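S.K.: Let me begin by handing over the structure; questions about it come next.
No lab work stands behind these numbers, since they all come straight from the coordinates. Note that the structure is predicted; figures quoted are calculated from it, not measured. No Cβ is skipped: glycine too gets one built from the backbone with ideal geometry, and neighbour counts run over all protein chains shown.
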Amino acid sequence: MNKTALSIVLELVFWIVTAIIAAAVLYPIISVTDNYIFLVPNLIFIVVLVTCTRYIFLLKHTWLAKLQFVKTALIFGSIWAVFLLIEQISQFQSFLDEEGPEALVGTMPLDQMASIVGYIRSEMLFFGVGSVIAVVILSGRLMKSIWNYKNLGVA
């Protein structure tokens with residue numbers, strides 16, 4: 001296989017792994033709630049964290065390695081992304097403060113509600129804050145990669 005084909009296969013494998021991680025994290029929530037209103041932001045947090053972390057460590061092995069214009073666009077886009085991710089975390093926290101955990105999971109036994117609300121809150125904050133941190137670190141990694149490509153000729 002040539003390098004382009006390997007890069008495509010690697011990208012597909014990592015997207016499948018990301019989907020498996022997202023399904024594993026979200027299954028306990030979806031299985032006990034009827035209408036989880038933070039499903040999309042939660043999914044975005046998981047995908048952003050896993051994908052950015054992958055690009056931070058494996059950038060030179062991805063399709064993005066030699067696309068300087070795309071890396072520059074991602075650096076500027078990450079500023080916007082950080083604000084959107086922080087806004088979603090804030091909306092989640094505000095919802096829990098104003099509506100309470102009952103609105104998040106519906107009616108269920110108190111001990112089960114406490115455990116699932118604790119899980120939801122913990123994983124939302126973990127993936128939310130992690131995604132913000134990963135986007136910031138990825139921006140620095142992309143800047144380093146652009147500098148290396150321009151000055152050293154290495155992706």
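S.K.: Which of Phe126, Ile37, Ser115 sits closest to the plus end of the dipole of the chain, meaning its Cα is farthest towards the positive end, when Lys and Arg get +1 and Asp and Glu get -1 on the C-beta?
M.R.: Sorting the options by dipole projection puts first Phe126.
S.K.: Lys/Arg Cβ at +1, Asp/Glu Cβ at -1, dipole of the chain taken about the Cα centre: which of Ile86, Ala103, Phe69 is farthest positive-ward?
M.R.: Positive-end residue among those listed: Phe69.
S.K.: Give me the number: length gained by fully extending Ile16 to Asp97, i.e. 0.36 nm times residue separation minus the C-alpha to C-alpha distance, one decimal in nm.
M.R.: On the way: separation 81, 0.36 × 81 = 29.16 nm, distance 3.51 nm.
Extending this stretch completely gives an extra 25.6 nm.
S.K.: For a quick check, take a GNM of the chain with Cα springs below 10 Å and name the residue from Leu85, Leu110, Leu43 with the largest mean-square fluctuation.
M.R.: Leu110
S.K.: A follow-up question, please. Among the lysines, which fall within straight-line cross-link reach of Lys150, defined as a Cα-Cα distance under 17 Å, with same-chain neighbours fewer than 8 residues apart omitted?
M.R.: Lys60, Lys66, Lys71
S.K.: Here's another thing I want to ask about it. Leaving out same-chain residues fewer than 8 places away, which aspartates and glutamates sit with a Cα under 15 Å from that of Lys3?
M.R.: Glu11
S.K.: For region 5-142, what is the charge dipole size about the Cα centre, in debye to the nearest 20, if Lys and Arg each add +1 at the Cβ and Asp and Glu each add -1 at the Cβ? Can you show the working numbers first?
M.R.: Values: 6 positive and 9 negative charges, 208 e Å.
In debye, rounded to 20, region 5-142 gives about 1000.
S.K.: Which FRET efficiency value, to the nearest 0.05, do you get for His61 and Ile30 by plugging their Cβ-Cβ distance into 1/(1 + (r/R0)^6) with R0 = 22 Å?
M.R.: On the way: r = 33 Å, r/R0 = 1.49.
Working from the Cβ atoms, E equals 0.10.
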